[in-house]
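The values are calculated or read from the model by the stated rules, or taken from the named source; none is laboratory data. These figures come from a predicted structure and were not determined experimentally. Here Cβ is always computed from backbone atoms with ideal geometry, including for glycine, and neighbour counts include all displayed protein chains. These accessible areas exclude ligands, DNA and RNA; they are computed on the full protein's heavy atoms, side chains included. Shrake-Rupley method; radii C 1.70, N 1.55, O 1.52, S 1.80 Å.
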Amino acid sequence: MELSDRVGKELALDPDDRACLAGERGEGMRLAAQLVTALGRIYGAEKLVPVASVQVAGVSYRNLGAAGLEFLRDWAETGARVRVAAMLNPAGMDLVEWRRQGIPEEFGRQQMEVIDAYRRLGVAPACTCTPYLVGNVPGYGQHLAWSESSAVVFANSILGARTNREGGPSALAAAILGKTACYGLHLDEGRRATLVVDVNCSLRDPADFGALGYMVGRIAGDGVPLLRLRRGPEDLGTQADLLRSPFLPHLKALGAAMAASGAVGLFHIAGVTPEAREWGEDIIAPGAARTTIEDLTPALCELGMARGAVDMVSIGCPHASLSELAEAAELLQGRRVTTALWITSARATLEEARRQGMLEPLERAGAKVMADTCLVVAPVRHLGYHAVATNSAKLATYAPGHCGLAPRFGPLGACLEAAVAGTMPDA
Ligand code: F3S
């Protein structure tokens with residue numbers, strides 16, 4: 001059914017939804033219900049669905065500003081509380097070590113007020129774009145309301161959960177109401193591939209997967225691509241297997257890049273991702289476009305493959321997994337960086353990494369290992385850096401506009417060499 005066929009259809013509400021809308025559960029709940037139902041009506045949803053969990057973007061004070069903070073404070077003042085487990089996207093700073101990170105005092109105070117408002121609303125102050133790496137692993141077919149684009153695309157594509165790319169306020173509203181409007185990627189019809197991509201080039205490492213994701217996102221826009229890889233991951237196994245898979249960094253990089261260069265919220269890999277395996281050829285929507293990718297060079301050039309000087313290196317976009325931290329620790333063992341090196345991850349991931357002894361070689365090398373934040377949402381312009389080396393196609397896409405930094409893109413090993421030598425080695 002086309003979106004235009006559904007617009008104007010009645011949105012079914014149960015007695016609790018109506019009570020929430022009428023303000024019988026308080027003003028904060030009324031606001032949440034109004035937001036969720038308004039979106040449902042705009043997009044032609046026929047019903048609301050309960051969500052298993054929520055992930056809320058719009059956390060950094062750099063993006064929220066005074067108006068955003070006031071909006072959150074006012075919502076918290078109503079006494080509204082979330083009805084389902086809710087976590088946050090990265091904030092503008094490490095919530096514990098922010099002074100060491102060089103964050104200005106005034107920014108730090110305002111950022112902590114944002115966190116406090118979310119806490120009063122009942123949202124856990126776990127600030128990460130990889131909730132699936134810190135215990136929030138959605139089940140196949142579960143409905144969610146997540147808003148970080150890289151987490152959305154991972155949950156939909158790799159785990160087979162169902163979430164639209166929520167905005168910060170709509171995700172928070174869904175957490176308070178415990179439901180979201182059922183349209184778009186919540187429906188079978190929204191999950192069929194609108195673009196089939198035959199990938200004929202070789203993919204050596206997660207950076208290549210990121211470059212591929214960048215190219216696919218450019219072509220797909222907000223569509224749903226189905227990738228047919230010549231070589232790559234095979235059966236992803238159970239969810240527990242997947243989160244230990246050597247291909248986890250590759251898949252994380254692929255989706256994040258697609259969601260950054262385009263607005264992809266879901267992709268499939270033929271024979272690999274859960275819905276592609278279950279639905280077979282039925283995963284392809286009638287009239288889907290088709291294309292072939294033979295060569296990653298155009299993407300690598302646009303992302304900043306060129307050799308050149310850097311004064312900062314950033315690893316952990318999306319937030320680094322344990323295996324990525326282990327690899328970085330091994331590569332930096334006994335070495336010393338000459339540029340700034342930020343390694344960002346979830347607090348819980350870093351605690352486990354510290355327990356396993358992975359952080360010591362990184363910190364001894366001079367890396368700043370940070371939780372809760374990332375380069376894109378931190379206030380970095382005042383730090384005076386010019387060029388950043390990164391293994392993330394997503395960060396390379398955002399670095400010029402969001403951080404004022406020229407990107408140099410390459411695999412993890414090349415980026416860490418750049419941190420040591422101050423210049424990106426030849427590809
Ligand atoms: Fe995560 Fe920040 Fe990258 S939110 S995906 S580390 S831009």
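A residue that is within 14 Å of the ligand (Cβ to nearest atom), open to solvent by 40 Å² or more (accessible area, probe 1.4 Å) and within 18 Å of the chain's Cα centre (by Cα) cannot be found anywhere in region 368-390. Within region 69-93, track down each residue that is under 17 Å from Pro379 (Cβ atoms) and either surrounded by 19 or more Cβ atoms within 10 Å (Cβ to Cβ) or within 16 Å of the ligand (Cβ to nearest atom) (or both). Asn89, Pro90, Ala91, Gly92, Met93 - these are the residues of region 69-93 that are under 17 Å from Pro379 (Cβ atoms) and either surrounded by 19 or more Cβ atoms within 10 Å (Cβ to Cβ) or within 16 Å of the ligand (Cβ to nearest atom) (or both).
Tally the residues that are surrounded by fewer than 19 Cβ atoms within 10 Å (Cβ to Cβ) and either basic (Lys, Arg) or outside any helix (DSSP H, G or I) (or both), restricting the search to region 31-48.
Final tally of qualifying residues: 4.
Restricting the first member to region 12-28 and to residues that are loosely packed, with under 14 Cβ neighbours inside 10 Å, and the second to residues that are not in a loop (DSSP other than H, G, I, E, B), the beta-carbon pairs closer than 6 Å and six or more apart or on different chains are Ala12/Lys47.
Yes or no, residue by residue, for (1) open to solvent by less than 40 Å² (accessible area, probe 1.4 Å); (2) not hydrophobic (A, V, I, L, M, F, W, C):
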{"position": "Val56", "(1), (2)": "yes, no"}
{"position": "Ala66", "(1), (2)": "no, no"}
{"position": "Leu95", "(1), (2)": "yes, no"}
{"position": "Glu113", "(1), (2)": "no, yes"}
{"position": "Val123", "(1), (2)": "yes, no"}
{"position": "Cys127", "(1), (2)": "yes, no"}
{"position": "Gly141", "(1), (2)": "yes, yes"}
{"position": "Glu148", "(1), (2)": "yes, yes"}
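Condition first: open to solvent by 70 Å² or more (accessible area, probe 1.4 Å), assigned to a loop (DSSP other than H, G, I, E, B) and in contact (Cβ under 8 Å) with a residue 24 or more places away in the chain. Can you find one or more residues in region 301-308 that meet it? Break it down into steps so the answer makes sense when it comes.
Start the filter on region 301-308 by keeping residues that are open to solvent by 70 Å² or more (accessible area, probe 1.4 Å), which leaves 301-302, 307.
Then keep just the ones that are assigned to a loop (DSSP other than H, G, I, E, B); that gives 307.
Now drop any that are not in contact (Cβ under 8 Å) with a residue 24 or more places away in the chain, which leaves 307.
Within region 301-308, one or more residues are open to solvent by 70 Å² or more (accessible area, probe 1.4 Å), assigned to a loop (DSSP other than H, G, I, E, B) and in contact (Cβ under 8 Å) with a residue 24 or more places away in the chain.
All told, Arg364 falls short of being farther than 23 Å from Met215 by Cα and within 16 Å of the ligand (Cβ to nearest atom).
Report, by residue number, each residue of region 315-352 that is small (Gly, Ala, Ser), buried (at least 18 other Cβ atoms within 10 Å of the Cβ), part of a helix (DSSP H, G or I) and within 16 Å of the ligand (Cβ to nearest atom). Reasoning before the result, please.
Let us first name the residues in region 315-352 that are small (Gly, Ala, Ser), namely 316, 320-321, 323, 326, 328-329, 334, 340, 345-346, 348.
Filter once more, so that each one left must be buried (at least 18 other Cβ atoms within 10 Å of the Cβ): 316, 320-321, 328-329, 340, 345-346.
Cutting the leftovers down to part of a helix (DSSP H, G or I) gives us 328-329.
Across region 315-352, the qualifying residue is only Ala328.
Could you list, in sequence order, all residues of region 131-162 that are under 15 Å from Met87 (Cα atoms), among the hydroxyl-bearing types (Ser, Thr, Tyr) and not in a helix (DSSP H, G or I)? Ser147, the sole residue that qualifies. In the set (1) closer than 20 Å to Pro400 by Cα; (2) more than 18 Å from the chain's Cα centre (by Cα), Ile293 fails one condition alone, (1).
Quick one: which helices (runs of 4 or more DSSP H) lie wholly within region 200-292 and hold at least 1 residues that are more than 30 Å from Tyr183 (Cβ to Cβ)? Please lay out each step first, then the result.
Numbers: elements: 206-220, 239-243, 248-261, 274-279.
Once the helices (runs of 4 or more DSSP H) in region 200-292 are filtered for at least 1 residues that are more than 30 Å from Tyr183 (Cβ to Cβ), what remains is 206-220, 239-243, 248-261.
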